[in-house]
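Values quoted throughout were computed directly from the atomic coordinates according to the rules given, and no laboratory measurement underlies them. Remember, it's a predicted structure, so these values are computed and weren't measured experimentally. Cβ coordinates were reconstructed from backbone atoms using ideal geometry, including for glycine residues, and neighbour counts include every protein chain displayed.
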Amino acid sequence: MLKRWDHYLPSEKLQCWVYKGVPPQVRGQVWLQLLNVNQVKARNAGKYQEMKEAVLVSSRDIMQIDLDVNRTFRSHTMFWDRYGVGQ
């Protein structure tokens, strides 16, 4: 169904498939298609990075969160690198 997504998109077959449960192996791909992520990304190119930078500049809470993460999760591998993948 993923290969012919446009064919199945407005169908009851797709609704039944989702209702019965999407297999874990393809669940992420199905969500991307259902939410039109590629179209949204194309319409909002650069918006995510812009928002990340705006928060770092304007949020007073960021400084406190930085301090708390370092104190609370000092030895957790996801927090070894500041602003790493886990944060």
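Near Trp17: Cβ cut-off under 13 Å, other residues only, Lys/Arg at +1 and Asp/Glu at -1. The net charge is +3.
Loop-located trypsin sites (Lys or Arg not before Pro) in region 1-72 (DSSP state not H, G, I, E or B) with no more than 10 neighbouring Cβ atoms inside 10 Å: Lys3, Arg4, Arg60.
A Förster distance of 22 Å, applied to the separation of the beta-carbon atoms of Lys13 and Leu34, puts the FRET efficiency at 0.95.
Computed over neighbours whose Cβ is under 15 Å from that of Gln33, the net charge equals +4, Lys and Arg +1, Asp and Glu -1. Each label was represented as a point 7 Å from its Cα along the Cα-to-Cβ direction; for Arg60 and Val26 these points are 5.1 nm apart. The helix-only estimate of mean residue ellipticity at 222 nm for the chain, built from DSSP H runs of length n ≥ 4 each weighted as -39500 (n - 2.57), is -16500 deg cm²/dmol after division by the residue total. Extension gain for Arg74-Ala42 works out to 7.7 nm (0.36 nm per residue, less the C-alpha to C-alpha distance). Please build a GNM for the chain, connecting alpha carbons under 10 Å apart, and tell me which residue among Asn70, Asn36, Asn44 fluctuates the most. The residue that fluctuates most here is Asn70. With 10 Å bins beginning at zero, the pair-distance distribution over Cα atoms of the chain amounts to 13, 28, 21, 24, 13, 0 %.
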